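Data first, discussion second: the structure below is written as structure tokens.
The values are calculated or read from the model by the stated rules, or taken from the named source; none is laboratory data. Keep in mind it's a predicted model, so treat the numbers as computed, not measured. Glycine also receives a Cβ, built like all others from the backbone with ideal geometry; neighbour counts cover every protein chain displayed. Heavy atoms of the whole protein, side chains included, go into the accessibility calculation; ligands, DNA and RNA do not. Shrake-Rupley method; radii C 1.70, N 1.55, O 1.52, S 1.80 Å.
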Amino acid sequence: MTIAKNYRRFAELEAHGVSDIYEDWALGVAEDPSVQALVGGLPPAKRQPNLVFAAARSQGAPLGDYENFRTWLLRNWQNVDPVIRTRSTQTNEAGRCAVLLPELAVPGQDVGNGVSG
């Protein structure tokens, strides 16, 4: 799948109705050969929109429309690229909720203070 198709799919199926900003950014990347070229320089497993956007935000990308994001990203790619290459995202519900298992395994336990009832 091309970068443009992947980002458009992300916008339409994953970000739509969940994150207006990520939807806008993903649609912008889908139409932007300059940003696609940056993303294309990453290993294929690191090109996922949520990782690219989260890495950019962690380095100070401003919230707002795609044009502001694009301008910031082009100026700051040298700071975002290494974050993308060394980080990953956890996108499955079971993996994200695994840390809750010990608390859920004790029926009737008050999670707030550790008192079981």
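Results, tabulated for the structure shown:
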quantity: Given (1) surrounded by fewer than 16 Cβ atoms within 10 Å (Cβ to Cβ); (2) within 18 Å of residue 89 (Cβ to Cβ), number of the condition residue 63 does not satisfy; calculated: (2)
quantity: Of residues in the stretch 13-22 being in contact with a helix residue (DSSP H, G or I) (Cβ under 8 Å, 6 or more places away or on another chain) and under 15 Å from residue 48 (Cβ atoms), the one most open to solvent (accessible area, probe 1.4 Å); calculated: 14
quantity: Unique match (being of a type outside the set (Phe, Trp, Tyr) and either at positive phi or under 12 Å from the mean Cα position of the chain (by Cα) (or both)) among 85, 8, 47, 75; calculated: 47
quantity: Those residues of the stretch 67-80 which are crowded, with 19+ Cβ neighbours inside 10 Å and closer than 15 Å to residue 21 by Cα, in sequence order; calculated: 69, 73
quantity: Selection from the stretch 65-82 of residues that are under 20 Å from residue 15 (Cβ atoms) and in a helix (DSSP H, G or I); calculated: 66, 67, 68, 69, 70, 72, 73, 80
quantity: Residue within the stretch 34-47 that is modelled with pLDDT of 95 or more, open to solvent by 60 Å² or more (accessible area, probe 1.4 Å) and in contact with a Ser or Thr (Cβ under 8 Å, 6 or more places away or on another chain) present; calculated: no
